[in-house]
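The values are calculated or read from the model by the stated rules, or taken from the named source; none is laboratory data. Everything numeric here is computed off the predicted structure, so don't read it as measured data. All Cβ positions, even for glycine, are placed from backbone atoms using ideal geometry, and neighbour counts span all protein chains on display. What goes into the accessible areas is simple: the full protein's heavy atoms, side chains included, and nothing from ligands, DNA or RNA. Shrake-Rupley method; radii C 1.70, N 1.55, O 1.52, S 1.80 Å.
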Amino acid sequence: QVKEKGRDAIEFFNQEMANKVSRQLVMEGDLHHAIELEQFELYYQPKLNVQTGELVGAEALLRWHHPDKGAISPMEFIPVLEASGLILQVGQWVIEQACLQLECWGKLGLWRPGMRLSVNISPRQFRRQRFADDVVATLARFELPPDSLDMEVTEGIVIQHVDETIETMTALQNHGVSFSLDDFGTGYSSISYLKRLPVSSLKIDKSFVGDITVDRSDRVLVETIITMGRLLDLELVAEGVEHEEQLDILKEYGCQFYQGYYCSPAVNADAFRFFLDRGAQ
Ligand code: C2E
Ligand code: MG
Ligand code: MG
Ligand code: MG
């Protein structure tokens with residue numbers, strides 16, 4: 001009886017696995033042509049000053065408009081891009097697209113000095129040979145406002161090869177690129193890395209911000225991250241702010257910047273002009 005059940009469970013599990021693998025293979029096939037077919041688009045989420053509400057920049061987030069399935073979440077397709085290696089090509093497209101948009105907004109006088117556009121860089125992309133050289137070459141092709149590009153990386157990139165990571169970051173920093181540690185608090189959060197890495201900001205993961213008004217331990221954690229970050233001269237960016245009450249707490253703790261649905265989700269470049277126009281007043 002038990003044995004039977006066990007076998008059923010294994011078969012069910014195998015079937016689930018097989019379904020998942022075949023879904024991923026189909027997706028990978030679709031993703032192969034997504035750039036040429038212009039199915040990718042960058043959306044932009046405003047980043048704001050907690051105290052003043054002023055626009056300080058944006059995060060570029062990749063969107064895939066599938067011809068049949070409609071919008072597919074990056075949480076689903078980014079891992080497939082990573083696993084297949086396609087992230088190298090798509091990641092390069094993201095950087096170029098971001099530069100193109102910055103150049104455009106810069107020429108229109110909408111992207112003001114000091115504002116930064118963040119792009120997400122996956123571990124595989126970051127660790128590629130000549131990553132820094134290629135980015136520097138790309139930057140040179142565009143007429144960008146100086147110091148306008150930021151790269152969001154997760155702690156996963158530093159698990160191994162700390163020295164190479166620092167080298168790559170430093171090379172890019174010398175060309176005005178800044179770095180942010182994304183999803184901070186969910187990974188290894190090694191304080192010794194924090195001291196060594198040339199990052200300029202920490203992004204407090206939205207899973208901590210979400211319950212900040214009701215969960216005391218999340219509040220303690222966020223306050224601790226902010227205090228530590230400030231002592232290390234890092235900027236603090238809270239992700240996933242959805243309510244005014246969350247913003248009030250962040251303000252009290254001294255967090256400088258935030259993103260979240262409270263202001264706006266990521267929107268396309270046209271819609272983002274609303275924030276740029278407003279910020280320019
Ligand atoms: P992330 O970089 O941590 O981005 C934040 C995610 O939180 C985004 O999800 C954003 O839409 C969502 N978000 C923003 N404000 C709120 C809020 O108030 N509440 C909630 N519940 N969510 C909020 P998205 O766009 O689905 O992206 C998911 C992840 O996919 C990103 O997490 C990032 O890791 C990855 N990703 C997105 N675009 C790219 C890209 O161009 N390259 C790479 N390598 N990864 C990307
Ligand atoms: Mg990010
Ligand atoms: Mg994040
Ligand atoms: Mg995240």
Heavy atoms of VAL21 accessible to a 1.4 Å probe, total area in Å² rounded to 10: 80 Å²
Exposed-site-free run, longest, the chain (rule: GluC sites (Glu not before Pro); DSSP loop; at most 16 other C-beta within 10 Å): 144-241
For a test of the definition: using alpha carbon positions, the gyration tensor, and the 1.5 limit on a/c, classify the stretch 165-232 as rounded, prolate or oblate. prolate
Suppose we flag trypsin sites (Lys or Arg not before Pro) only when DSSP calls them loop and at most 13 other Cβ atoms lie within 10 Å. Which is the longest uninterrupted stretch of the chain? 131-281
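Taking 0.36 nm per residue of separation and subtracting the Cα-Cα distance, what length does fully extending GLU242 through ASN49 add? Write down the numbers at each step before the final one.
Working: separation 193, 0.36 × 193 = 69.48 nm, distance 1.50 nm.
Result: 68.0 nm gained on full extension.
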Viscosity 1.306 mPa s, temperature 10 °C, Stokes-Einstein D of the stretch 55-176 from Kirkwood C-alpha radius, µm²/s: 103 µm²/s
Could you report the chain's accessible area per residue, 1.4 Å probe, as an integer in Å²? 53 Å²
Helix-only estimate, please: 222 nm mean residue ellipticity of the chain, summing -39500 (n - 2.57) across DSSP H runs of length 4 or more and dividing by its residues, to the nearest 500. -15500 deg cm²/dmol
For the stretch 196-272, what is the convex hull volume of its Cα atoms per residue in Å³? 99 Å³
Leaving out ligands, DNA and RNA, and with a 1.4 Å probe, what % of the accessible surface on the chain is carbon or sulfur? 52 percent
First select every other residue whose beta carbon is under 13 angstrom from the beta carbon of ASN174; then total the charges, Lys and Arg +1, Asp and Glu -1. -3
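Express the C-alpha Rg of the chain as a ratio against the empirical globular expectation 2.2 N^0.38 Å, rounded to two decimals.
Values: Rg = 20.4 Å, N = 281, 2.2 N^0.38 = 18.7 Å.
The value comes to 1.09.
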Rounded to whole Hz, the Karplus (6.51, -1.76, 1.60) HN-Hα couplings of the stretch 203-208, x for glycine and proline: 9, 6, 4, 5, 5, 7
Specify which residue in the list THR52, SER192, GLN125 is farthest towards the positive end of the charge dipole of the chain, using unit charges on the beta carbon of Lys, Arg (+1) and Asp, Glu (-1), about the Cα centre. SER192
I'd like the accessible area for SER84, computed on protein heavy atoms only with a 1.4 Å probe and all protein chains in place. Round to 10 Å², please. 40 Å²
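Going by the alpha-carbon gyration tensor, a ≥ b ≥ c the square roots of its eigenvalues, is the stretch 134-281 rounded (a/c under 1.5) or, if a/c is not under 1.5, prolate (a/b greater than b/c) versus oblate? Kindly include the intermediate steps, with their values, before the conclusion.
Working: a/c = 2.21, a/b = 1.15, b/c = 1.93.
Verdict is oblate for the stretch 134-281.
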